[in-house]
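Following: one structure in structure tokens, then a few remarks.
The values are calculated or read from the model by the stated rules, or taken from the named source; none is laboratory data. Computed from a predicted model, the values in this text were never measured in an experiment. Cβ sites come from the backbone with ideal geometry, for glycine too, and all protein chains shown count toward neighbours. Ligands, DNA and RNA are stripped out before the accessible areas are found, and what is left, the full protein with its side chains, is counted by its heavy atoms. Shrake-Rupley method; radii C 1.70, N 1.55, O 1.52, S 1.80 Å.
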Amino acid sequence: MAVQPIRLFGDPILRRPAVPVVDFDAELRRLVADLTDTMLDAPGAGLAAPQIGVGLRVFTWSVEGEVGHLVNPTLELSEEQQDGLEGCLSLPHLTYDCKRALSVVANGFDLHGEPVTIHGSDVLARAIQHETDHLDGVLFIDRLDSDARKAAMKAIRESDWFGLEQPTVRLSPHRGGF
């Protein structure tokens, strides 16, 4: 499998809702492997398929030594909230306090189409919510309060990566790619 270029803030795919996976085949297994390799190489706590240019509802995570993936997730969020630092591989070197549910129950499928339920709290809950947001075209900066969002946008405009040409990906190697 292969490390793929990560799409940066400003790439339109990051704002498009991803479509559900319908084929649990070798192509999906390659996508999960590419997501995992790319996430671990970055390194990051999670990576969603749109971040590598694939518009499918799939993400991976790596939290506290546990590496996993989830296909077509649906979330049940706790009412209890947590506030903590959050960053994103598509917004390099930026971290801000972001409010999230303290715990989550994520239902979905593994890469073979078998049903999976993930119970997460603290950092894992944050990662699952963050990556599921990516599948809905939402970035963590959208969840910041007004002052923090203004500061984030200023930092993005001043960053050395903003406005650089996005990776050239003429055709995604995966179905559902943009």
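Structural remarks
- Taking all protein chains as shown and a probe of 1.4 angstrom, residue 121 keeps an accessible surface of around 60 Å².
- Cα pair distances of segment 1-84 binned at 10 Å [whole percent]: 17, 46, 32, 6
- The helix-only estimate of mean residue ellipticity at 222 nm for the chain, built from DSSP H runs of length n ≥ 4 each weighted as -39500 (n - 2.57), is -8000 deg cm²/dmol after division by the residue total.
- With all protein chains kept in place, the per residue accessible area of the chain amounts to 49 square angstrom at a probe of 1.4 angstrom.
- Electrostatic dipole magnitude of the chain [Cβ: Lys, Arg +1; Asp, Glu -1; Cα centre; debye, to 20]: 640
- At most 11 other Cβ within 10 Å, DSSP loop - GluC sites (Glu not before Pro), segment 45-143: 64, 79, 80
- At the residue level, residue 157 shows approximately 140 square angstrom of accessible surface with a 1.4 angstrom probe and all protein chains present.
- Highest-MSF residue in the chain out of 119, 134, 69 [GNM, Cα springs under 10 Å]: 119
- Surface share of carbon and sulfur [accessible, 1.4 angstrom probe, percent] for the chain: 53
- Stokes-Einstein D for the chain, Kirkwood Rh over Cα pairs, 4 °C, 1.567 mPa s (µm²/s): 79
- Length-normalised contact order for the chain - Cα pairs under 8 Å, 6+ apart - percent: 26
- Residue among 144, 111, 89 with the largest mean-square fluctuation in a Gaussian network model of the chain, springs linking Cα atoms under 10 Å: 144
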